[in-house]
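See structure below.
The values are calculated or read from the model by the stated rules, or taken from the named source; none is laboratory data. A quick note: this is a predicted structure, and the numbers were derived from the prediction, not measured. Please note: Cβ atoms are built from the backbone with ideal geometry, for glycine as well, and neighbour counts cover all protein chains shown. With ligands, DNA and RNA removed, areas are computed over all heavy atoms of the protein, side chains included. Shrake-Rupley method; radii C 1.70, N 1.55, O 1.52, S 1.80 Å.
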Amino acid sequence: MIKMYRFLLLTVLSMLCCHVNAQKVLTLEECRSMALQNNKQLNVARLGQDVAENTRKIARTKYLPRVSALGGYELTSREISLLNDDQKSALDNLGSNAVGKAGNALTETLTGFVQKGVITPEMAQSLGGLFNDLATPVAQAFNGLGSDIRRAFRTNNRNMFGASVMVTQPIYMGGAITAANRLADLQKELSANKYELARQTTLYDIDQAYWLVVSVKHKERLARNYLELVKKFDSDVEKMFNEGVATRADALQVNVKVNEAEMQVLQAEDGVALAKMLLCQLCGMPCEEDITLADEDSENLTLPLYDEATGVTKYDNRPEIQMLQTAVDMSKASTKLARSEYLPQVAMTGGYLLTNPNVYNGFEKKFAGTWNVGVLVRVPIWNWNEGTYKVRATKAATQIAQMELADATEKISLQVSQCRFKVKEAHRKYNVAVKNVEKAEENLRCANLGFAEGVMQTSDVMAAQTAWMQAETMKVEAEIEARLSDVALKKALGEL
């Protein structure tokens, strides 16, 4: 039996140890760290920073030369001809035409010589026959030569191949590249401010959830203490009723208070469970995770220090202010970018061009090319005042951004003043709540003594118990309010 008891004892202890180990004890800083790692909106803002950084790098490349290559092939139904149809026919019949003209000229010459008596008709006929014998091979030879010349002029460019490499270096783009880089830098600052805003919002939410859990947990413990108090009082009244000192009405009144206290305990337990679910969700943990907070069992919370002498309102660190200021700067850069579209633009180009057929050597069927260097100048002349309207629109947008900045500055100044006031009031409420607790405890002690001596009724004791419960509740709420008001002030100042 002894061994069995030892085994059961070890089993129970191991189960308790497992239960203790299963619970996670989290501090406020640990909750903040997990929230910053797991918050989806914060991760989106972090990715936005990466996008802005890559956009800034893209804008930097606009200063550098651009190198591009182009290649292509084209098949056409007809080829380009350097000769017309009459010229081609003349070259194909070059010998025949030349021999014909020469024969006509020879005939006229011989006829003239015969008429003048220079030669006899028989000699003229003999010379004519000799020419006719030589005309055919000569005509054929020259016809072949003409055909060769015609074929030499053929381009044979139905199948065209081309390739080129081009280098373009911007020289002056009207300030567009500088304005685009300025916009990219400002976009990076804007994304950083968005990330900071998301970070501070996440910390603010996690602090709210953390201290909500602590507040509800303290109220749960307070409800349990109150339940034990009224149960003890109920037991005393029940004994007095059995002895005939108290009435049945007194016992029923105390029973009602016990039931109310039990209901308050249930409500507090439900509140703790729901508050912890919210905290787990913000920390990126499963909602059913069993956690314990480092401050939930502390009797008295350490309140943040508050110096009433520090009345200087400083909120330049607010991400919202920085974002609006960045929006003003971006609007000014957009004005410069819009103006640059209507200013002269200069760029230098250079490259190498390849073609086949080779246009540089009589359309030879080989690749050949040439270098080229040039300067491009673009000067807008007339656009119906489009540029003027665009510049006016961007300047109006700048004024809107400046007004929004001024309006936000005024509102944030009011918010900071209100947060300072709430912090000061929270500390005052806490001091008053501490004094009320001391008085309520003394009042409850006196009521219990008076009831024991028979000079006070049950209603007086229950009133003292209720007053003590309310005083303790106000103290807990004042502690949490002081914590939350301090967090709200730091967020308002941009120092969270």
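Quick rundown of the values:
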item	result
Identity of the residue in the stretch 203-219, hydroxyl-bearing (Ser, Thr, Tyr) and buried (at least 21 other Cβ atoms within 10 Å of the Cβ), that ends up farthest from the chain's Cα centre (by Cα)	215
Odd one out for residue 134 among (1) open to solvent by 90 Å² or more (accessible area, probe 1.4 Å); (2) more than 30 Å from residue 357 (Cβ to Cβ); (3) in contact with a Ser or Thr (Cβ under 8 Å, 6 or more places away or on another chain)	(3)
Single residue of the stretch 257-287 satisfying the filter (polar (S, T, N, Q) and surrounded by fewer than 18 Cβ atoms within 10 Å (Cβ to Cβ)) that is farthest from the chain's Cα centre (by Cα)	259
Sole exception among (1) within 18 Å of residue 254 (Cα to Cα); (2) open to solvent by 50 Å² or more (accessible area, probe 1.4 Å); (3) of a type outside the set (Asp, Glu); (4) more than 60 Å from the chain's Cα centre (by Cα) for residue 463, by number	(4)
Residue in the stretch 451-469 that is among the aromatic types (Phe, Trp, Tyr) and either at pLDDT 90 or above or closer than 30 Å to residue 193 by Cβ (or both) present	no
Qualifying residue in the stretch 77-97 (condition: assigned to a helix (DSSP H, G or I), open to solvent by 90 Å² or more (accessible area, probe 1.4 Å), at pLDDT below 90 and not basic (Lys, Arg))	yes
Per-region count, the stretch 378-426, residues surrounded by 14 or more Cβ atoms within 10 Å (Cβ to Cβ) and under 30 Å from residue 172 (Cβ atoms)	8
Any hit, the stretch 379-389, residues being farther than 28 Å from residue 330 by Cα, among the β-branched types (Val, Ile, Thr) and part of a helix (DSSP H, G or I)	no
Restricting the stretch 346-377 to residues that are on the phi < 0 side of the Ramachandran plot and assigned to a loop (DSSP other than H, G, I, E, B), the residue that is surrounded by the most Cβ atoms within 10 Å (Cβ to Cβ)	357
Pair list, Cβ < 6 Å and 6+ apart or interchain, from the stretch 99-121 residues that are within 19 Å of residue 139 (Cβ to Cβ) to residues that are open to solvent by 50 Å² or more (accessible area, probe 1.4 Å)	99/138; 106/131
Check on residue 475, of a type in the set (Lys, Arg), under 20 Å from residue 215 (Cβ atoms) and open to solvent by 60 Å² or more (accessible area, probe 1.4 Å)	no
Residue match in the stretch 103-121 (condition: open to solvent by 80 Å² or more (accessible area, probe 1.4 Å) and of a type in the set (Val, Ile, Thr))	yes
Residues that are under 30 Å from residue 394 (Cα atoms) and of a type in the set (S, T, N, Q), drawn from the stretch 338-377	340, 345
Subset of the stretch 246-256 (residues that are free of Cβ contacts under 8 Å to residues at least 60 places away in the same chain and β-branched (Val, Ile, Thr))	247, 256
Residues being assigned to a helix (DSSP H, G or I) and either surrounded by 15 or more Cβ atoms within 10 Å (Cβ to Cβ) or within 14 Å of the chain's Cα centre (by Cα) (or both) - total across the stretch 150-176	2
Condition check for residue 253: out of contact with any Ser or Thr (no Cβ under 9 Å at 6 or more places or on another chain), open to solvent by 20 Å² or more (accessible area, probe 1.4 Å) and among the polar types (S, T, N, Q)	no
Some residue of the stretch 236-257 being of a type in the set (D, E, K, R) and at pLDDT 85 or above	no
Residue within the stretch 177-192 that is over 30 Å from residue 278 (Cα atoms), touching a strand residue (DSSP E or B) at 6+ places or on another chain (Cβ under 8 Å) and buried (at least 17 other Cβ atoms within 10 Å of the Cβ) present	yes
